[in-house]
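In what follows, a structure is listed as structure tokens, so that the remarks can point back to it.
The values are calculated or read from the model by the stated rules, or taken from the named source; none is laboratory data. None of the values given here were measured: they were computed from a predicted structure. Every residue, glycine as well, gets a Cβ built from its backbone with ideal geometry; the counts of neighbours run over all protein chains shown. Calculation scope for accessible area: heavy atoms of the full protein, side chains included, ligands and nucleic acids excluded. Shrake-Rupley method; radii C 1.70, N 1.55, O 1.52, S 1.80 Å.
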Amino acid sequence: MKRQLPDRLVKERKALLKQVAKTGKQLFSCEHDAENAAEKLEEAATLWMMTIHIEAVEVRAKRGRGRPKVGAEPKTDTRYQLVIGDLVLNQTAIAAHRRTRSHFVLVTDHLD
């Protein structure tokens, strides 16, 4: 019973690191999609906090058919990537978790 919270912290941290590694490599076509992915990461972190920044990245666009003209500049597209900071324990969420899990009612005479 005493090991329940530390085990949950370790399990959630591993899952978050796995999700962060997957999402951190991904490039999004618009800023709205990157914001949605950042919100999903924040929702998944119930006992942890992280800082997430959205960074614009210039990526070389796919070249069209045929040979490019002499002196033509390669086209670039703007993509968005999540930059994720360190994971830090959310002390308020941990205190709330401990408060809700510390007591439970076995028998009561209150019927309301």
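Before moving on, here are some points about what is shown:
- 1.4 Å probe accessible area per residue over the chain, in Å²: 85 Å²
- Working from label points 7 Å from Cα in the Cα-to-Cβ sense, the Leu9 to Arg60 distance is 4.7 nm.
- Building the convex hull from the alpha-carbon atoms of segment 60-109 and averaging its projection over directions returns 9.0 nm².
- Residue by residue, segment 60-66 carries 3J(HN,Hα) couplings of 5, 6, 5, 6, x, 6, x Hz when phi is fed to the Karplus relation 6.51 cos²θ - 1.76 cosθ + 1.60 (θ = phi - 60°); x denotes Gly or Pro.
- Amide H within-cut-off set for Trp48, under 5 Å, with H built and near neighbours excluded: Asn90
- Summing Cβ point charges (Lys, Arg +1; Asp, Glu -1) relative to the Cα centre of the chain gives a dipole of roughly 880 debye.
- Cβ-based net charge around Val88, under 14 Å, with every Lys or Arg adding one and every Asp or Glu removing one: -2
- Debye equation applied to the C-alpha atoms of the chain, log10 I(q)/I(0) at 0.10, 0.15 Å⁻¹: -0.50, -0.79
- Asp109 - accessible surface, heavy atoms, 1.4 Å probe, Å² rounded to 10: 120 Å²
- Top positive-direction residue, dipole computed over the chain with Cβ charges, set Phe28, Gly66, His110: Gly66
- Couplings 3J(HN,Hα) for segment 7-23, derived from phi with the Karplus relation 6.51 cos²θ - 1.76 cosθ + 1.60 (θ = phi - 60°), are 5, 5, 4, 5, 5, 5, 5, 4, 5, 5, 4, 5, 5, 5, 5, 5, 6 Hz, where x marks Gly and Pro.
- Spin-label pair Val88/Glu73, simplified geometry with 7 Å Cα→Cβ offset, distance in nm: 4.1 nm
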